[in-house]
Amino acid sequence: MRFLELDSPLMQALNKLGDLMWLNVLTLICCIPIVTIGPSLTAMHYIALKIARNEEGYITRDFFKSFRANLRQGIIIGLILIFVLVVLAGDFFIISYSGLEFSSIMRSMLMAIFFFVMFTAMFLFPVLAKFENTVLNTIKNAFIIGIAQLPKTILMMVLFAIPPLLFIYLPQIIPIVFLFGLSVPAWVSA
């Protein structure tokens, strides 16, 4: 019965799984008002970094501590990211249905810009969670890290793309995506 003791690897894994599940639920609840997506994702990455280092304490208290500490910058960065993604999606939609002769070139350019934005987005909130900096320097540093760590960045993008794809193509596992869709990729990335 060693595997049922609190220090056993099974119980530690179940504890970590429970922490990730609660972290995901907290993140989703705090993302409901769209303006708080930035601070919520920042707090999630802060806790995911702590879990990856086995330094987790009180998930809820530490989550809201990071949420409050990064509220202003997180809101600004989150709104900037949402605005850029909406503009890119709108441009892509307009170009796709405009009937222009050079739409394939424009689409390729928009896809390249989209990938640069996503390279930056993969590190925006972890950088904000870990370092004190201005909004512009946080974005600049996230972009530099995203380009410098290109293979890791692509792997992180794949990790974060899996839950939405599962949500769309395998609707029977929506509860699992709801419980682990953000926190597990953040933890694996950390």
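General remarks:
- Accessible area of ILE145 (1.4 Å probe, protein heavy atoms only, ligands and nucleic acids ignored): about 60 Å².
- On Cα atoms only, tilt of 9-31 relative to the major axis of the chain in degrees: 40 degrees
- Residue by residue, region 105-121 carries 3J(HN,Hα) couplings of 5, 5, 4, 5, 5, 5, 5, 4, 4, 4, 5, 5, 5, 5, 4, 5, 5 Hz when phi is fed to the Karplus relation 6.51 cos²θ - 1.76 cosθ + 1.60 (θ = phi - 60°); x denotes Gly or Pro.
- Residue with peak Gaussian network fluctuation, the chain [Cα springs, cutoff 10 Å], from ALA48, ALA148, ALA13: ALA13
- For peptides 35-42, 112-119, 163-170, sequence by mean Cβ density within 10 Å, most packed first: 35-42, 112-119, 163-170
- Put a dot 7 Å past the Cα of ILE174, heading toward its Cβ, do the same for ALA112, and the two dots end up 3.9 nm apart.
- Heavy-atom accessible surface of the chain, averaged per residue, reaches 60 Å², computed with a 1.4 Å probe.
- Candidate values (i) 23; (ii) 26; (iii) 10 were compared with percent of Cα pairs over 31 Å apart computed on the shown model; the agreeing label is (i).
The values are calculated or read from the model by the stated rules, or taken from the named source; none is laboratory data. These numbers were taken from a predicted model, which means no experiment stands behind them. Virtual Cβ from ideal backbone geometry, glycine too; neighbours counted across all protein chains shown. With ligands, DNA and RNA removed, areas are computed over all heavy atoms of the protein, side chains included. Shrake-Rupley method; radii C 1.70, N 1.55, O 1.52, S 1.80 Å.
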